[in-house]
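A short write-up of the structure that comes next.
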Amino acid sequence: MKFSNQLIANIARTLQIAILSGTDIVDHLRTFEIEEEDGELSLTSASLERIDAEIYEMLSKVEAERLNENTTDG
């Protein structure tokens with residue numbers, strides 16, 4: 001059995017999240033839910049949705065902080 005390209009990409013993306021947020025990559029990887037399909041391991045749709053939501057939340061926080069900095073500077 002092999003990792004799917006989708007799973008590999010999300011491991012990389014999750015590693016980036018862990019680095020940017022200062023959190024432990026192991027904690028993130030433990031939340032992965034995977035399924036086997038055609039001899040490859042892939043994330044479940046629920047796991048993919050959760051990861052996407054975490055990324056959106058993180059980007060929203062960064063954007064809010066950036067806007068706050070611009071407001072206080074001017």
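Extension gain for ALA12 to GLU57 (0.36 nm times residue separation, less C-alpha to C-alpha distance): 14.4 nm.
The H on the amide N of PHE3, modeled in the peptide plane, is under 5 Å from the matching H of LEU41, each at least 5 residues off or on a different chain. The distance from the alpha carbon centre of segment 38-68 to that of segment 1-19 is 12 Å, rounded to a whole number.
When peptides 26-33, 46-53 are ranked by their average number of other Cβ atoms within 10 Å per residue, the highest-first order is 46-53, 26-33. Computed extension gain for MET1 through LEU41, at 0.36 nm per residue and net of the alpha carbon distance, reaches 13.7 nm. Dipole magnitude for the chain: about 200 debye, using +1 per Lys or Arg Cβ and -1 per Asp or Glu Cβ, origin at the Cα centre. Pairs of Cα atoms nearer than 8 Å and 6+ residues apart set the relative contact order; for segment 2-73 it is 28 percent.
Given the options GLU54, GLU35, GLU63, state which has the largest fluctuation in a GNM of the chain using a 10 Å cut-off (strictly under) for Cα springs. Fluctuation is largest for GLU63.
Backbone geometry of segment 64-70 corresponds, through the Karplus equation with coefficients 6.51, -1.76 and 1.60 at θ = phi - 60°, to 3J(HN,Hα) couplings of 5, 5, 5, 5, 5, 5, 5 Hz, x marking Gly and Pro.
Once the Cβ-Cβ distance of LEU29 and ASN70 is raised to the sixth power relative to R0 = 30 Å, the FRET efficiency obtained is 0.25.
Each reported figure results from applying straightforward, stated rules to the coordinates on display, with no laboratory input. Everything numeric here is computed off the predicted structure, so don't read it as measured data. Methodologically, a virtual Cβ is constructed for each residue, glycine included, from the backbone with ideal geometry; neighbour enumeration extends over all protein chains shown.
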